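Here is the structure we will look at, set down as structure tokens.
Values in this text are rule-based calculations from the coordinates and carry no lab data. Please read all numbers here as calculations on a predicted model, not as lab measurements. Reconstructed Cβ throughout: ideal geometry from the backbone, glycine too, with neighbour counts over all protein chains shown.
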DNA sequence: GCCGTTTTCGGCCCGACTGTTTTCAGTCG
């Protein structure tokens, strides 16, 4: 059973955490964390990289030492460094450190002085009033610990981007009047367009003594004020979403926005570049000594650092800094590049709009084409079409097409991939379609091997244009099924089959890393909404976000092409 | 533990807020 990348990343994170508690060199701790992030972002499994003879120490943040350790983990399934740390520091110290206000230093004090190893130990000590007696702790610390222990979940909660967007829009609407002529922006992972966000980071310009943060505290949806100072305020909304508001002077807007947009790793890389030149970069600007040499806009800071402007979606320290220096950043795909949607449902299966209504909505968006891709019969709950109904629908689409001007409906199907990889319609029918999206909708629990085989077999059918939502995940609700994405990508390339970035905000499947891997292998992608209603065609922008995070350019995306070119390029 | 068109050793991002303190360590982003 090969060790997955995610497991090795988790081992390194745990190692970092315990090393930190132990009081190890903080840069060694950071090295483990950075390596974990690198591994998480790898498009291929470490097992296959190693098998292919790749030198792992060439990966960013992974040197000779960690490369050897990874090889050891892959061979044995175990990581001796972590195991020995666990022997030294047994218990649930990681869980304890997750309590707000408790970090490695204080966890160590609790462990050394009160022998606290578990959350239960901590609860007993706090109730007995023994924590307040420790140096560096007080009554407030003890109270905060008890409150935190009383809450059901300590795990980090992340919000889907679409949900965070609704919160952000309401909040901005509330705060904006108080900003006056100043500027305001939502930064953080929200601006980087990650599929989920942990908190909202808002940057406003104004004087530090500004009343804006006071206003935030008064916002009706605030349930808790975590911190409230002149330059920074942190609150938690009723929904549980945390909001950090940062006030900077107008001449620092660019640096403040950049600092708060992150990612942290991207910022650290930029600050390192500033250091190399003897400068300093912080949220107030880029400084040569005490002199500010840039800060009002992000663009001028990147320029001074000798870099091309890096779009927020790329700021993950996944190679964008080096590419920006070499002027080789991709020209990312934009919403305006999209000429049509290749995955949409109607009242023929489980959609809420008719073919004509969907066509009108697509035309309103300025599209040249829209593929009607209703479910096939296996998806009974969605009233999937059988062969006879699909044949009738094809006639109907042709009839509607004659009434349309400027928009072409493409005849399609979202055909189910059966458990053995066969498709839910016979070839003679599939051959009449312009677009065939093949998707998995059941039997998610097949082995990795069998699931991969199933989908590859579906791609063997030359009528298949696109594999729909290739991993089946629903963000926050359903894990992706086990599948070997490297093999899927290689198989798609070989067969000239496309993969989908499903733009539905619950799916966003493929994710950024897989999309980048597909591009790297020369596979084309379709960004499709899977719309079940006319308004859902607007989800396209979430798909664009994900595609941009995957470094995709317009040429990588088939539905940026004109109808004529599209038809040519999807022919297999 | 990583990394290097000045370096294979000596650096490694930087500041705000809180609580516990009498000047600052720890935590957080």
>> If each residue of separation counts as 0.36 nm, what is the full-extension length gain between residue A:391 and residue A:269 once their alpha-carbon separation is subtracted?
In response: 38.2 nm
> Taking the simple approach of a point 7 Å from Cα along Cα-to-Cβ for both residue A:226 and residue A:404, what is their distance in nm?
Replying inline: 4.8 nm
> What shape does segment A:87-220 have by the C-alpha gyration tensor, where a ≥ b ≥ c are the square roots of the eigenvalues, rounded means a/c under 1.5, and otherwise prolate means a/b greater than b/c and oblate the rest?
Replying inline: prolate
>> Helix A:355-364 against the longest principal axis of chain A: what's the angle in degrees, Cα atoms only, rounded to the nearest 10?
In response: 60 degrees
>> Would you calculate the convex hull of the Cα atoms in chain A and tell me its volume per residue in Å³?
In response: 177 Å³
> Once the Cβ-Cβ distance between residue A:250 and residue A:308 is put in as r, and R0 is 25 Å, what FRET efficiency do you end up with, to the nearest 0.05?
Replying inline: 0.50
> How much length, in nm to one decimal, is gained on full extension between residue A:215 and residue A:572, taken as 0.36 nm per residue of separation minus their Cα-Cα distance?
Replying inline: 122.6 nm
>> If each DSSP helix of 4+ residues adds -39,500 (n - 2.57) and the sum is divided by the residues in chain A, what number results at 222 nm, nearest 500 deg cm²/dmol?
In response: -12500 deg cm²/dmol
> Which FRET efficiency value, to the nearest 0.05, do you get for residue A:449 and residue A:496 by plugging their Cβ-Cβ distance into 1/(1 + (r/R0)^6) with R0 = 25 Å?
Replying inline: 0.55
> According to a simple spin-label model (label point 7 Å from Cα along Cα-to-Cβ), what is the distance in nm between residue A:277 and residue A:170?
Replying inline: 4.3 nm
> When the chain is fully extended, how far beyond the present Cα-Cα distance does residue A:427 get from residue A:139, taking 0.36 nm per residue of separation?
Replying inline: 96.4 nm
>> Among DSSP bridges having both ends in segment A:159-247, what percentage is antiparallel? Round to the nearest 5.
In response: 70 percent
> When a footprinting reagent is the concern and you count Cβ atoms within 10 Å, what order do A:428, A:277, A:33 take, fewest first?
Replying inline: A:428, A:277, A:33
> So for chain A: antiparallel DSSP bridges make up what percent, rounded to the nearest 5?
Replying inline: 45 percent
>> Testing the spin-label approximation: label points 7 Å from Cα along Cα→Cβ at residue A:442 and residue A:292. State their distance in nm.
In response: 6.3 nm
>> On C-alpha positions alone, give me the angle between the axis of helix A:161-179 and the longest principal axis of chain A, in degrees, nearest 10.
In response: 60 degrees
> Quick one: which of A:442-451, A:370-379 comes out on top by average Cβ neighbours within 10 Å, and what's the full order, highest first?
Replying inline: A:370-379, A:442-451
> For segment A:231-332, what class follows from the C-alpha gyration tensor (a ≥ b ≥ c being the square roots of its eigenvalues): rounded when a/c is under 1.5, otherwise prolate if a/b is larger than b/c, else oblate?
Replying inline: oblate
> In whole Å, how far is the Cα centre of segment A:181-222 from that of segment A:402-425?
Replying inline: 44 Å
>> Students often check this: by mean Cβ neighbours within 10 Å, which of A:539-546, A:296-303, A:313-320 ranks highest, and how do the rest follow?
In response: A:539-546, A:313-320, A:296-303
> Peptides A:395-401, A:246-252: what's the order by average Cβ count within 10 Å, highest mean first?
Replying inline: A:246-252, A:395-401
> Expressed as a whole number of Å, what is the distance separating the alpha-carbon centroids of segment A:259-275 and segment A:511-559?
Replying inline: 27 Å
